[in-house]
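Novice: Let me begin by handing over the structure; questions about it come next.
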Amino acid sequence: MTQPSLASPRPGGRPRDESRDHAIRSATLDLLAELGYDGVTMDRVAARARAGKATIYRRWPSKLAMVIDAINAFAEERMPTPDTGSLRLDIIEFLTSFHEAIRGDRGRIIAELISEMPRNPDLRNALRGGLWSQREASSHTIVEHAIARGELRPDVDHAILMEIGTAIILQRVLLTGESVDRVFLESIVDDIVIRYAA
């Protein structure tokens with residue numbers, strides 16, 4: 001069963017201007033990075049995106065819907081599912097995209113949302129149904145391709161295999177501040193992930 005969309009359907013009328021969607025999503029992400037979840041309001045997003053509040057409410061019925069849609073769109077753009085023909089390279093590319101998506105200002109957004117989740121069950125459930133499920137679908141595809149190529153045994157635990165690397169990256173980006181470069185990502189894959197898979 002597919003997840004219901006958090007964006008409100010557009011009634012009949014003029015075609016929807018996708019450039020306005022992009023501007024509103026960008027404004028939402030910028031405000032999340034600057035002010036945190038509590039600091040994001042429809043008024044502030046409208047002012048930053050130079051859009052009317054009515055325009056925003058025609059697209060998203062609530063602040064939560066707008067925030068989740070902005071995060072999901074950002075993740076879809078920055079975290080495509082790799083298909084290099086090699087499990088090792090697929091995981092390296094997956095982790096590289098994941099790191100690129102959460103570092104810097106965007107990393108602060110993820111940290112803010114994670115800290116808000118225990119206090120906001122609606123946000124927690126929406127993130128699990130959107131961003132996290134998208135990441136899980138991508139990792140599932142990588143694992144299934146590797147099984148089909150004979151690189152992995154069919155009974156491998158998909159979740160653990162793909163969570164190892166992302167957990168280490170989150171630790172460094174959000175907690176310790178230590179660097180994450182290509183050499184480090186390759187060492188995660190070669191010394192930990194592939195060993196677990198074997």
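Novice: Please compute the contact order of the chain in relative form: average sequence separation of alpha-carbon pairs under 8 Å and at least six residues apart, divided by the residue count, as a percent.
Specialist: 21 percent
Novice: Which one of A159, A146, A65 has the biggest mean-square fluctuation once the chain is modelled by GNM with Cα springs under 10 Å?
Specialist: A159
Novice: For the pair R149 and S115, what calculated FRET efficiency results from E = 1/(1 + (r/R0)^6), where r is the Cβ-Cβ distance and R0 = 35 Å, to the nearest 0.05?
Specialist: After rounding, the FRET efficiency stands at 0.30.
Novice: Now for a separate question. On a 1.4 Å probe surface of the protein chains, which of D157, D38 comes out largest in accessible area, and what is the full order?
Specialist: Correct descending sequence by accessible area is D38, D157.
Novice: Given a 10 angstrom Cα cut-off, can you work out which residue in S179, S97, S187 is the most mobile in a GNM of the chain?
Specialist: Between S179, S97, S187, it is S179 that shows the largest mean-square fluctuation.
Novice: Rank R153, R48, R128 by mean-square fluctuation in a GNM of the chain with C-alpha springs under 10 angstrom and give only the top-ranked residue.
Specialist: R153
Novice: What's the center-to-center distance, using Cα atoms, between the stretch 83-104 and the stretch 22-45 in Å?
Specialist: Computed from Cα coordinates, the inter-centre distance equals 27 Å.
Novice: Quickly estimate the mean residue ellipticity at 222 nm for the chain, helices only: each DSSP H run with n ≥ 4 gives -39500 (n - 2.57), and the total goes over all residues, rounded to 500.
Specialist: -20000 deg cm²/dmol
Novice: To continue, here is another question. Working from Cα positions, state the angle (0 to 90°, nearest 10) between the long axis of helix 63-78 and the longest principal axis of the chain.
Specialist: It is inclined by approximately 40 degrees.
Novice: Calculate what fraction, in whole %, of the accessible area of the chain sits on carbon and sulfur atoms when a 1.4 Å probe is rolled over the protein chains.
Specialist: In the chain, the share of accessible area belonging to carbon and sulfur is 52 percent.
Novice: Might you report the magnitude of the Cβ-based charge dipole of the stretch 74-169 about its Cα centre, with Lys and Arg at +1 and Asp and Glu at -1, to the nearest 20 debye?
Specialist: With Lys and Arg at +1 and Asp and Glu at -1, about 220 debye.
Novice: Pop a pseudo-label 7 angstrom from the Cα along the beta-carbon direction at both Q134 and A167 and give the gap in nm to one decimal.
Specialist: Inter-label distance under the simple model: 2.4 nm.
Novice: Using the heavy atoms of the protein chains and a 1.4 angstrom probe, tell me the accessible area per residue for the chain in square angstrom.
Specialist: Result: 53 Å² per residue.
Novice: When all protein chains stay in place, what accessible area (Å², nearest 10, 1.4 Å probe) is found for H158?
Specialist: 40 Å²
Novice: Quick check: pseudo-label points 7 Å beyond the Cα along Cα→Cβ at T41 and A54, how many nm apart are they?
Specialist: Those two pseudo-labels are separated by 2.1 nm.
The values are calculated or read from the model by the stated rules, or taken from the named source; none is laboratory data. From a predicted model like this one, the values you see are computed outputs, not experimental measurements. For neighbour counting, all protein chains shown are included, and Cβ atoms are generated from backbone atoms with ideal geometry for every residue, glycine included. To get the accessible areas, we keep the full protein, side chains included, count just its heavy atoms, and leave off ligands, DNA and RNA. Shrake-Rupley method; radii C 1.70, N 1.55, O 1.52, S 1.80 Å.
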